[in-house]
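Comments concern the structure below.
The values are calculated or read from the model by the stated rules, or taken from the named source; none is laboratory data. Since this is a predicted model, take the numbers as computed values, not measurements. Cβ placement follows ideal geometry from the backbone for every residue including glycine, while neighbour counts extend to all protein chains displayed. We work out accessible area using only protein heavy atoms, side chains counted, and drop any ligands, DNA or RNA first. Shrake-Rupley method; radii C 1.70, N 1.55, O 1.52, S 1.80 Å.
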Amino acid sequence: MGSDPPVFGRRDPDARGYFGAYGGRFVPETLVAPIEELTAGYLAARADAVFRDELDGLLKHYVGRPTPLYETRRLAGDLGRKGRIRILLKREDLTHTGAHQINNALGQALLAKRMGKRRVVAETGAGQHGVATATACALLGLDCCVYMGAEDMRRQALNVVRMRLLGADVRQVDAGSRTLKDAINEAMRDWVANVTDTYYLLGSALGPHPYPLMVREFQSVIGREARSQTLDQVGRLPDIVVACVGGGSNAMGIFDGFLDDKDVRLIGVEAGGERIAPGRHAARFAGGSTGVLQGTRTFILQDEAGNIELTHSISAGLDYAAVGPEHAWLRDLGRTEYAHVSDAEALEGFQTLARLEGILPALESAHAIAYTMKLVRDVADGTIILINLSGRGDKDVQSVVEALR
Amino acid sequence: MTRPWAPGRSANADRPASAGLSGRTATRLGRRRLAATFARIRAGNIGPGLVTYVTAGDPDLPRTEGILRALDRAGADVIEVGVPFSDPLADGPVIQRATERALASGTTLAGVLDMVRRLRADLRAPIVIFSYANPILRLGAERFADQARDAGVDGVLVLDLPIEEADQFRALVASRGIDTILLLSPTTSDERLRRAASLGSGFLYAISRLGVTGARDAIADGAEEMVRRIRAVSSLPIALGFGISKPEHVREVGQWADAAVVGSALVNVIADAGASLDLNTRVEEYVRWLKS
């Protein structure tokens, strides 16, 4: 393994945080200095072997990495391609706290500590990032405050209880659509007011530079592991990698391991919601255009006047109006592709994986399963598909029961 | 490197450019209007300077017209016209609610610029458009600059467009005689203060405290020191805002800054008056009280 490419710094954006025409730092003046402090702090930390060793140690002994690469046994057969295609799952659902968010939350919480901050604020949609942040803060002795939309608190009630048990102050957000976007606005307002002692622990590859870079690098462990595990267990690289895309951090994390393997197709799956019409979905590449939201220039869902449209998805974690800027850039370059599946298809994916493999996927990850179920009809014999199973579905059981009623 | 503000790169770049050039005369005056206003304030003829902010379209655009006329009659030295945006992450609850009312009444950036064009000739005070980046980007930065010039806008302040992102935008509006107002915060380093001093025009807007917009009981402790830091590197007029709501605040700020900015407190007056017939009177009385 000595010839692996360097973990960090391999694909940095330009000095102003742009990936091609996307990214940047569109923030109020008060946040410029803290963001510069954060950038300097992060660049110093990632170059510091002590920091990396501490994070690696926690990922191994606390998070339980490496997570398994599991080859499904019945899924391909059920789809009529028994013995002719192979479907692999990268099991991020088996991490401590049950989703990939812990990789980033631990990395940033260590950074917050290193920077001398005593308080952490975060936003959460599905609650997985909030739980991961509350966990990391409990572990490292940091105060933790999590903003969450009222609608998300309702549909992810279990995660609200988990965060509170972990010692976090969960604050309800009643603005806008009362989902992830509104929670980010509120977390940023908190940060603006408390910049001196507070660290903003953003949960996806979004927001102003350096967040898209930093979050992707903390999540890139998924892709590094998955690549080497696929080579070990299957003897070659996958043909297609599929991941769901909300902000896009689990997808960036797994794609990152395969970006240089030009023959590997990388497909991100967005939330198609009920249908591709304003307010009914969260598929930015299908129904969006370029704009600036919450610090970054990327594809967003907006109306003619530049106001952000309401979004809808059965999955709280994908229910967001902007996509990470690096996705927009990789799509421009033709390196990644994007598709979307509907709420109904995601529910089908959720149930299929439960019934055939004994795994309850998060509704977010169920979008990647559902898209793969459509994709397998059209691929050649011998195709190997790798899916990032980004989180587990315990949190979604109530939503699924309601939706199926 | 392409930048979002580069001419022709906007989402609506394929739209025809604005045809009207009727505002050119107003624009030529506009360049002078902010400078002339602050020159009069500095000459000490009109008491402490007062910059007023309202959210356009709250409760609706026709009534905003009446409010702007009332502000002008009452002696507001500069009028900031806020463009409502769905995600006002630098604003506190008062302006968030105003924004929701303005959006509910169908207010858009294009509509705000139309209103300014209709009113411009009737108002004495310079007009500054106060916006988040995305509505401007959606309209197209160059198209916005054309329409703002035609409307007779004197200055533009974009809340989430820090100096680093503002180069091309500043050039676009400057070439049309419009000032770019830059924000400075207690967290702004001396080096950035110097950059802002060399790049800003019209006046510099100093934020008196960390946090979002909203009225407070007292002026922030570090505000005077902040103004002193800016004075050390710039001769531009300085308006200090965030948290100002009373005449004693305005007088106190006027002792060391060129003007005080009142936003949330004024927006509260408008919210309280709501649909009542004496809306304009209440606005006028409040501003006269602030200037007293």
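Just a yes or no: is a residue in region B:124-131 of a type in the set (A, V, I, L, M), within 12 Å of another protein chain (Cβ to nearest Cβ), crowded, with 24+ Cβ neighbours inside 10 Å and within 17 Å of the chain's Cα centre (by Cα)? Before you say what the answer is, go through the steps one by one.
Of region B:124-131, the ones of a type in the set (A, V, I, L, M) are B:125, B:127-129.
Now drop any that are not within 12 Å of another protein chain (Cβ to nearest Cβ), which leaves none.
The answer is no, given that none of the residues of region B:124-131 is of a type in the set (A, V, I, L, M), within 12 Å of another protein chain (Cβ to nearest Cβ), crowded, with 24+ Cβ neighbours inside 10 Å and within 17 Å of the chain's Cα centre (by Cα).
Where residues in region A:294-313 are in contact with a His (Cβ under 9 Å, 6 or more places away or on another chain) and outside any strand (DSSP E or B), which of them is farthest from the other protein chains (Cβ to nearest Cβ)?
In the first step, residues of region A:294-313 are kept if they are in contact with a His (Cβ under 9 Å, 6 or more places away or on another chain); the result is A:295-296, A:298-299, A:301, A:311-313.
Narrowing further to those that are outside any strand (DSSP E or B): A:295, A:301, A:311-313.
Details: A:Gly295: 7, A:Leu301: 11, A:Thr311: 12, A:His312: 16, A:Ser313: 18 Å.
Here the residue is A:Ser313.
Residues of region B:43-73 being open to solvent by 10 Å² or more (accessible area, probe 1.4 Å), at pLDDT 95 or above and hydrophobic (A, V, I, L, M, F, W, C), which ones?
Of the residues in region B:43-73, the ones open to solvent by 10 Å² or more (accessible area, probe 1.4 Å) are B:43-48, B:53, B:59-63, B:65-66, B:69, B:72-73.
From what is left, the residues that are at pLDDT 95 or above are B:53, B:59-63, B:65-66, B:69, B:72-73.
Passing the criteria: only B:Leu61.
Consider B:Ala110 against the criteria (1) within 14 Å of another protein chain (Cβ to nearest Cβ); (2) closer than 26 Å to A:Ala193 by Cβ: it satisfies all of them except one. Which criterion is unmet?
B:Ala110 satisfies every listed condition except (2).
Scan region B:75-87 residue by residue and report those that are over 20 Å from B:Ala35 (Cα atoms) and either in contact (Cβ under 8 Å) with a residue 60 or more places away in the chain or within 15 Å of the chain's Cα centre (by Cα) (or both).
The answer is B:Gly82, B:Val83, B:Pro84, B:Phe85.
Does A:Phe19 satisfy the criteria of being open to solvent by less than 40 Å² (accessible area, probe 1.4 Å), within 14 Å of another protein chain (Cβ to nearest Cβ) and more than 30 Å from B:Ala206 (Cα to Cα)?
Values: open to solvent by less than 40 Å² (accessible area, probe 1.4 Å): yes; within 14 Å of another protein chain (Cβ to nearest Cβ): yes; more than 30 Å from B:Ala206 (Cα to Cα): yes.
So A:Phe19 passes the test.
Within region A:214-224, is there a residue that is part of a helix (DSSP H, G or I) and open to solvent by 10 Å² or more (accessible area, probe 1.4 Å)? Spell out the reasoning first.
In the first step, residues of region A:214-224 are kept if they are part of a helix (DSSP H, G or I); the result is A:214-224.
Then keep just the ones that are open to solvent by 10 Å² or more (accessible area, probe 1.4 Å); that gives A:221, A:224.
Scanning region A:214-224 turns up at least one residue that is part of a helix (DSSP H, G or I) and open to solvent by 10 Å² or more (accessible area, probe 1.4 Å).
Among the numbered conditions (1) over 16 Å from B:Leu266 (Cα atoms); (2) at pLDDT 95 or above; (3) open to solvent by less than 10 Å² (accessible area, probe 1.4 Å), tell me where B:Ala104 comes up short.
That leaves (3) as the condition not met.
Given the options B:Ile244, B:Ile270, name the one that is open to solvent by less than 10 Å² (accessible area, probe 1.4 Å), at pLDDT below 95, within 28 Å of B:Pro59 (Cβ to Cβ) and of a type in the set (Val, Ile, Thr). Steps first, please.
On the way: B:Ile270 fails: at pLDDT below 95.
The unique qualifying residue is B:Ile244.
For region A:314-364, enumerate the residues that are within 30 Å of A:Tyr18 (Cβ to Cβ) and part of a helix (DSSP H, G or I).
The first filter runs over region A:314-364 and keeps only residues within 30 Å of A:Tyr18 (Cβ to Cβ), leaving A:315-340, A:364.
Within region A:314-364, A:Ala316, A:Gly317, A:Leu318, A:Pro325, A:Glu326, A:His327, A:Ala328, A:Trp329, A:Leu330, A:Arg331, A:Asp332, A:Glu364 meet the criteria.
Keeping to region B:110-123, report how many residues are open to solvent by 10 Å² or more (accessible area, probe 1.4 Å) and in a helix (DSSP H, G or I). First the steps, then the outcome.
Initially, region B:110-123 is screened for residues open to solvent by 10 Å² or more (accessible area, probe 1.4 Å), giving B:110-111, B:114, B:117-118, B:120-123.
Next, only the ones that are in a helix (DSSP H, G or I) stay: B:110-111, B:114, B:117-118, B:120-122.
Summing the residues that are open to solvent by 10 Å² or more (accessible area, probe 1.4 Å) and in a helix (DSSP H, G or I) in region B:110-123 gives 8.
Within region A:177-210, how many residues turn out to be out of contact with any strand residue (DSSP E or B) (no Cβ under 6 Å at 6 or more places or on another chain) and more than 25 Å from A:Ala328 (Cα to Cα)?
Selection size over region A:177-210: 6.
Pick from A:Gly382, A:Gly324, A:Gly334: which is farther than 20 Å from A:Thr97 by Cα and touching a Pro at 6+ places or on another chain (Cβ under 6 Å)?
Numbers: A:Gly382 fails: touching a Pro at 6+ places or on another chain (Cβ under 6 Å); A:Gly334 fails: touching a Pro at 6+ places or on another chain (Cβ under 6 Å).
Among A:Gly382, A:Gly324, A:Gly334, only A:Gly324 is farther than 20 Å from A:Thr97 by Cα and touching a Pro at 6+ places or on another chain (Cβ under 6 Å).
Exactly one condition in (1) farther than 30 Å from B:Gly106 by Cβ; (2) at pLDDT 95 or above; (3) of a type in the set (D, E, K, R) is false for A:Asp396; which is it?
Looking at each condition in turn, A:Asp396 falls short on (2).
From the list A:Leu75, A:Leu59, A:Leu94, which one is more than 30 Å from A:Gly382 (Cα to Cα) and in contact (Cβ under 8 Å) with a residue 40 or more places away in the chain?
Values: A:Leu75 fails: more than 30 Å from A:Gly382 (Cα to Cα); A:Leu94 fails: more than 30 Å from A:Gly382 (Cα to Cα).
The unique qualifying residue is A:Leu59.
Please enumerate the residues belonging to region A:278-336 that are more than 30 Å from A:Val397 (Cα to Cα) and acidic (Asp, Glu).
A:Asp303, A:Glu304, A:Glu326, A:Asp332
Yes or no: B:Arg194 more than 11 Å from chain A (Cβ to nearest Cβ), more than 23 Å from B:Pro84 (Cα to Cα), in contact (Cβ under 8 Å) with a residue 24 or more places away in the chain and of a type in the set (Lys, Arg)? Give the derivation first.
Working: more than 11 Å from chain A (Cβ to nearest Cβ): yes; more than 23 Å from B:Pro84 (Cα to Cα): yes; in contact (Cβ under 8 Å) with a residue 24 or more places away in the chain: yes; of a type in the set (Lys, Arg): yes.
Taking the combined requirement at face value, the residue satisfies it.
Within region A:283-293, track down each residue that is open to solvent by 10 Å² or more (accessible area, probe 1.4 Å) and either more than 14 Å from A:Gly248 (Cβ to Cβ) or within 7 Å of another protein chain (Cβ to nearest Cβ) (or both). Reasoning before the result, please.
Residues of region A:283-293 that are open to solvent by 10 Å² or more (accessible area, probe 1.4 Å), as a first pass: A:285-290.
Correct list: A:Ala286, A:Gly287, A:Ser289, A:Thr290.
Out of the residues in region A:160-183 that are assigned to a helix (DSSP H, G or I) and at pLDDT 95 or above, state the one that is farthest from the other protein chains (Cβ to nearest Cβ). Can you show your working first?
If we filter region A:160-183 for residues that are assigned to a helix (DSSP H, G or I), which is where we start, we get A:160-165, A:180-183.
The next check asks that each one be at pLDDT 95 or above; those that pass are A:160-165, A:183.
Values: A:Val160: 23, A:Val161: 28, A:Arg162: 27, A:Met163: 23, A:Arg164: 25, A:Leu165: 30, A:Ala183: 11 Å.
My answer is A:Leu165.
Residues of region B:56-91 being among the β-branched types (Val, Ile, Thr) and within 14 Å of chain A (Cβ to nearest Cβ), which ones? Give the derivation first.
In the first step, residues of region B:56-91 are kept if they are among the β-branched types (Val, Ile, Thr); the result is B:64, B:67, B:78-79, B:81, B:83.
Listed by number, the list holds a single entry, B:Val83.
Give A:Ser365, A:Ser342 a once-over and let me know the one that is of a type in the set (Ser, Thr, Tyr), open to solvent by 10 Å² or more (accessible area, probe 1.4 Å) and more than 14 Å from chain B (Cβ to nearest Cβ). Can you show your working first?
Details: A:Ser365 fails: open to solvent by 10 Å² or more (accessible area, probe 1.4 Å).
It is A:Ser342.
List the helices (runs of 4 or more DSSP H) inside region B:126-194, counting only whole elements, that have at least 3 residues being touching a strand residue (DSSP E or B) at 6+ places or on another chain (Cβ under 9 Å) and within 20 Å of B:Asp114 (Cα to Cα). Reasoning before the result, please.
Values: elements: B:133-139, B:141-151, B:167-174.
Where helices (runs of 4 or more DSSP H) fall fully within region B:126-194 and carry at least 3 residues being touching a strand residue (DSSP E or B) at 6+ places or on another chain (Cβ under 9 Å) and within 20 Å of B:Asp114 (Cα to Cα), they are B:133-139, B:141-151.
Residues to consider are A:Ala286, A:Ala277; find the one that is assigned to a helix (DSSP H, G or I) and either out of contact with any Pro (no Cβ under 9 Å at 6 or more places or on another chain) or within 24 Å of A:Asp14 (Cα to Cα) (or both). Step through it out loud before you land on a result.
Numbers: A:Ala277 fails: assigned to a helix (DSSP H, G or I).
Exactly one residue qualifies, and that residue is A:Ala286.
Would you please name the residue that is nearest to the other protein chains (Cβ to nearest Cβ), looking only at residues in region B:138-158 that are within 24 Å of B:Gln96 (Cβ to Cβ) and open to solvent by 10 Å² or more (accessible area, probe 1.4 Å)?
The selected residue is B:Arg138.
In region A:24-33, what residues are facing another protein chain (nearest Cβ under 7 Å) and buried (at least 20 other Cβ atoms within 10 Å of the Cβ)? First the steps, then the outcome.
Within region A:24-33, the first condition is being facing another protein chain (nearest Cβ under 7 Å), and the residues that meet it are A:24-30, A:32-33.
Once the filter is applied, which keeps residues that are facing another protein chain (nearest Cβ under 7 Å) and buried (at least 20 other Cβ atoms within 10 Å of the Cβ), region A:24-33 yields A:Gly24, A:Arg25, A:Phe26, A:Val27, A:Pro28, A:Glu29, A:Thr30, A:Val32.
Pairs only if they're at least six apart or on different chains, beta carbon under 6 angstrom, first in region A:193-209 and over 24 Å from A:Phe19 (Cβ atoms) and within 13 Å of chain B (Cβ to nearest Cβ), second surrounded by 22 or more Cβ atoms within 10 Å (Cβ to Cβ) and among the aliphatic types (A, V, I, L, M); list them, first residue then second.
From residues that are over 24 Å from A:Phe19 (Cβ atoms) and within 13 Å of chain B (Cβ to nearest Cβ), the pairs are A:Thr198/A:Val121.
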